[in-house]
Amino acid sequence: MKKPPSPENFLPLKPNWFHVLLSLAEKEQHGYGIMQEVLERTDGKVRLWPATLYGTLKRLIEEGLIEESGDRPAAELDDARRRYYRLTRLGRKVLAAESQRLEDLVRLIRAKRGLAKREAES
Amino acid sequence: MNGTGDAANRRVAITLRIYRALAHAFPQEFRNVYGDELVQAAEDSVDAVWQRHGMSGIVRLLADLAIQVPAEHLAELRHDIRYGLRMLARSPGFTAVALISLSLGISIAACAYSEMNGLLRDLPGVPKPGELVALQTPSSYPAYKRYRELNELFTSTFAYIAPVPFGVSLGKQTERTWGHLVTPSYFATLGVRPWLGRFFDAAEERPGQAPVAVVSYRFWEEHLGSDPSIIGKTIRINGYPCTIVGVGRKEFLGASPTLFAADLWLPVSVDARVAPELEGDALERRDLTMFQVVGRLRPGVTEAGAQAELNAVAQRMAETYGEPDRNQKGPRIALLRAGKVLPLRKQDAPFYREFLLVLGGLLLTIACANVANMMLARAGDRRKEIAVRLAIGASRARLIRQLLTESMLLAVGAAIAAFPICLWLMHLLSQLRMPLPIPVTFDLTPDWRALVFTFGVAALTGVAFGLAPALQATRTDLVSALKEGGNVRLRKHRWLSLRNVLVLCQMAASLMLLMMTGYMGLGIQSTLGVQQGFDPRNLYLISLDPVRDGYSAARAERFFEKLLERVKTLPGITAACLTDTLPVSFDGNAGVRFSGVGGQPNASPDGGGFLHVSEARKHIVGQGYFETAGIRILAGRAFERQDEKNGAMAIVVSQEAVRQIWKGEDPVGRRIEIGNGEATGGWGAWPGTIDHRVSGVAKESRTFEVVGVARDVSEDLVASKKHPAVYFPLHPADYAQPSLRGVTLMVRATAGVDAIGEVRRQIAAIDSAIAPFNARSMSEHIAQYMSALQGASWTYGFMGVFGLVLASVGLAGVTAYSVAKRGHEIGIRMALGAQKRDVLALVMKEGAMLVAAGTVIGLMFAWAGIRAVSSAFFTVASVKSSDPVLLVGAPLLLAGLALVACYVPARRSTRIDPAATLRME
């Protein structure tokens, strides 16, 4: 058996991948749902176009970061054509690692900016 | 308001229709999983997109799809390749055999292509080579002047003498360098530009100019140290200073780079002392036909039209000047395509193209059949894997593509290995020196075209050997394949299965190949000429051409006299002579024609009064030739000093000439009319027979007297019936204008003496400025003479054996597969009491049937092939296609090997354990 790949191998994550993983962090969702959520979360700045979205989903499944979920919502809300996706353990780890990386980056930028500000003041 | 709403709806509807259509282009697997959702997502969001982004949003929605479709296909291909590589790595034996078979097959096909391409290639660096035409036979300069006035045919024309040897002195060394004597329009008509300096201009056509020369890039690099300031400097050519005015471009080696590659160009107006070819007002004489004429056709003028017009002009000239052949019927002028590196007649080109490609193609077919067969056997093993993938929803097309990807991987891998092999083989072939005195060079180095061809062929073969197995493998009965180990097929055993047909083809093709190559190879081997009639042991040759070292005719004569005297007195040298022609050579076999015998009056050609016309080989030899070479004089005497005087008319004839011309009567003392004829037989076309002087001697006949009869000398490349030969004395005047191989000093030494070294020392002692060339022993000379044919016969042998091995491997594979497949059946038979012998017979029978049928088909094709080949190759015409060695030997060899190949895996069938079989049941 192959060893499961380390989350670090996926970093830095492609923006599309990050957005999809983030959308699945709290709950299982179907593709259209992910699309909507990303759109709302970014105030309409990031739109995952359908073909890109499903291409990304396929790639994420192949890499083992997400999987199809067997659970379905209540029958009256369910659309039989739609598949639901959820994060795998690896996917969760990768998301955490990428978030950490971004946070570190932001901290770095802030520190630099603070320094520049202080220099300007002095 | 409502109207705009409708319009928007319509736009949305059209967008969705396009979207659905585009979504269909996704790979099937993707479509199966995501297709519906994708389309639905688009349907759900299209209104929002339209409202938010308008038209640009719609465009982006569609563009997103258009980008993702190829991306998905690429991803699938990448996946297939990875999977294919994994599968190939899993069976390294199969992969290795397949790669080797294919790379050999492809490399040989690529070689055949390169050879064809190398021979049929356009002149490098020459624009619009298709417009260039050359006269097949050389003309005189006055005739050229007439042709060049045909402005309605040609935009421009040029004439040149080739090949011309020049002695170029660089420091102390004199280098014999080949070049052309050209009209100034030579370079302009070809359309080539100089690398440095300039080419000749019209002023250089006037005689009495200071001698100028153009050198090739190669010469500039190798002998002039790539000196960028070389223009205007002088070098000594044939002993006279010449100013270098230009350097050609790298790829340019003259108008005929294959037959007469040139490194030096001098204008025809140059002084005859610099170029002895131009001696005696050569530019004014109608009988000196040594100029190659090339013209660039005007756009719209056809080759046939030009040929007709030229013929008319030539005919008028022949009548006007009363040339001896003025009543000759038929066309006088045939045109060659001069834009090619090897000028060919239009109708000859297909032969070069097709013969090589047929051989290469045959080998490739065998290799493909072989690999296809192995793939089929493998596909049998992979039935279960394939069935599983089919069962989980992969389409058949998808699986076929997967299997084809694997075969393409093999083919491309093989091509990557094949191209360097081809490069190497062609490099070896290009190195092969032809046994000719002139610089015949074949540049057969594969170029980008060959590379494209190699990969094109690889792609084709990939499909050729992959498609059938893929089709068959995916035509699987899912239930039975999944239920069981995957190998039991309850279908009736078909004799004429695809695999068997493939083996049949393979057997037939290899037999055809073996017989054709055997025919050529054996034919060459068995007909390699046996040199008899002279003694090649301890015989040494060294060539000299003092005129190219700056000597005048008189000085050359004195030099040779002195040299011969000195050499003869050397200890260890038993005999020595000067000679123009040698026993055993391509060259020097120009013919002479007898137009009257025994002093009978020469009947006029148109009177139809010819009594007898026969042709003989012409040899020009010095005093002492027969003694030195060891050729016995059977009657009369050898040449003596008095025969070398001008006006003397002594000749020596060979035994065979006596037999043919005098019907065995003693000819000594008889007189004979001899005219210069065209070179005899097939050799007429060989460049080695070029002799600028032939036409200069006389077209009219002269009377000679036979003084002696010499023993026959077999000196041919291939054994053939004896040729009559006539020996003429070498006149001192010939020293000043020898043939292209110079004057050869032939010495016989006692064993163990370094004759060449001794002679070299003597030459240096007389004048160190004289540069001897082509020093070799007679056995080296013969070996070199034979090398091309030996090489050819080896090549054919190699190809034949290669085909043989491939066919055997193929048959072994099929039998092994058949044994594996029928293991179950064989086990039951053995359980029921069948003997090992019966089982072996059962398995072998199938193989034997295939071998027999393949042999019959192969024989039929081979016979047709050989007939085609033998009509094209006069060299091996002495081997009959019904030669028993070939007709019985080749099929026996193949069948024997095939049966062994069949037996080895068949023996495995006897080791099947019936008990185990029954337990499985």
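The values are calculated or read from the model by the stated rules, or taken from the named source; none is laboratory data. Just so we're clear, the structure is a prediction, and the values are computed from it rather than from any experiment. Virtual Cβ from ideal backbone geometry, glycine too; neighbours counted across all protein chains shown. Accessible surface is based on the protein model in full, side chains and every heavy atom, while ligands, DNA and RNA are left aside. Shrake-Rupley method; radii C 1.70, N 1.55, O 1.52, S 1.80 Å.
Summary table below
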| read-out | value |
| --- | --- |
| In region A:39-65, the residues that are hydroxyl-bearing (S, T, Y) and at the interface with chain B (Cβ under 9 Å from one of its Cβ atoms) | A:T52, A:Y54 |
| Counted residues, region B:75-90 - those being touching a helix residue (DSSP H, G or I) at 6+ places or on another chain (Cβ under 8 Å) and open to solvent by 30 Å² or more (accessible area, probe 1.4 Å) | 5 |
| Hits in region B:308-352 (condition: touching a helix residue (DSSP H, G or I) at 6+ places or on another chain (Cβ under 8 Å), modelled with pLDDT of 75 or more and open to solvent by 80 Å² or more (accessible area, probe 1.4 Å)) | B:P331 |
| Some residue of region B:13-25 being among the aliphatic types (A, V, I, L, M), more than 9 Å from chain A (Cβ to nearest Cβ), over 57 Å from the mean Cα position of the chain (by Cα) and loosely packed, with under 14 Cβ neighbours inside 10 Å | yes |
| Meets criteria (over 33 Å from the mean Cα position of the chain (by Cα), at pLDDT 90 or above and surrounded by fewer than 21 Cβ atoms within 10 Å (Cβ to Cβ)) for B:F626 | no |
| Filter result for A:R82 (surrounded by 12 or more Cβ atoms within 10 Å (Cβ to Cβ), touching a helix residue (DSSP H, G or I) at 6+ places or on another chain (Cβ under 8 Å) and under 19 Å from A:I34 (Cα atoms)) | yes |
| Residue that is surrounded by the most Cβ atoms within 10 Å (Cβ to Cβ) [pool: residues in region A:45-74 that are among the charged types (D, E, K, R) and outside any helix (DSSP H, G or I)] | A:R47 |
| Hits in region B:234-246 - residues which are under 20 Å from B:G171 (Cα atoms) and in contact with a strand residue (DSSP E or B) (Cβ under 9 Å, 6 or more places away or on another chain) | B:T234, B:I235, B:R236, B:I237, B:N238, B:G239, B:P241, B:C242, B:T243, B:I244, B:V245 |
| Spans of helices (runs of 4 or more DSSP H) in region B:743-859 with at least 3 residues closer than 30 Å to B:I912 by Cβ | B:778-821, B:823-831 |
| So A:L11, is it open to solvent by 30 Å² or more (accessible area, probe 1.4 Å) and modelled with pLDDT under 90 | yes |
| Test: residue in region A:15-38 that is open to solvent by 30 Å² or more (accessible area, probe 1.4 Å), within 12 Å of chain B (Cβ to nearest Cβ), free of Cβ contacts under 8 Å to residues at least 24 places away in the same chain and closer than 30 Å to B:D47 by Cβ | yes |
| Some residue of region B:114-130 being of a type in the set (S, T, N, Q), in contact with a Pro (Cβ under 8 Å, 6 or more places away or on another chain), buried (at least 16 other Cβ atoms within 10 Å of the Cβ) and within 16 Å of B:P257 (Cα to Cα) | yes |
| Residue check for B:E385: modelled with pLDDT under 75, in a helix (DSSP H, G or I) and surrounded by fewer than 16 Cβ atoms within 10 Å (Cβ to Cβ) | no |
| Selection count, region B:82-135, where residues are more than 24 Å from the chain's Cα centre (by Cα), of a type in the set (G, A, S) and within 30 Å of B:A338 (Cα to Cα) | 0 |
| Selected residue (criterion: nearest to the chain's Cα centre (by Cα)) from residues of region B:734-786 that are under 27 Å from B:P276 (Cα atoms) and among the hydroxyl-bearing types (S, T, Y) | B:S739 |
| Residue count, region B:729-739 (criterion: part of a loop (DSSP other than H, G, I, E, B) and surrounded by fewer than 21 Cβ atoms within 10 Å (Cβ to Cβ)) | 3 |
| Filter pass, B:G742 being surrounded by fewer than 22 Cβ atoms within 10 Å (Cβ to Cβ) and on the phi > 0 side of the Ramachandran plot | no |
| Qualifying positions in region B:40-59 - among the aliphatic types (A, V, I, L, M), surrounded by fewer than 19 Cβ atoms within 10 Å (Cβ to Cβ) and facing chain A (nearest Cβ under 9 Å) | B:A48 |
| Candidates B:D691, B:D712, B:D716 - the one that is within 37 Å of the chain's Cα centre (by Cα), at pLDDT 80 or above and in a loop (DSSP other than H, G, I, E, B) | B:D712 |
| In region B:60-77, the residues that are more than 7 Å from every other protein chain (Cβ to nearest Cβ) and closer than 19 Å to A:N16 by Cα | B:L62, B:A63, B:A66, B:I67, B:V69, B:P70, B:A75 |
| Exclusive hit being touching a strand residue (DSSP E or B) at 6+ places or on another chain (Cβ under 6 Å), more than 14 Å from every other protein chain (Cβ to nearest Cβ) and among the charged types (D, E, K, R), set A:R86, A:R82, A:R113, A:R101 | A:R86 |
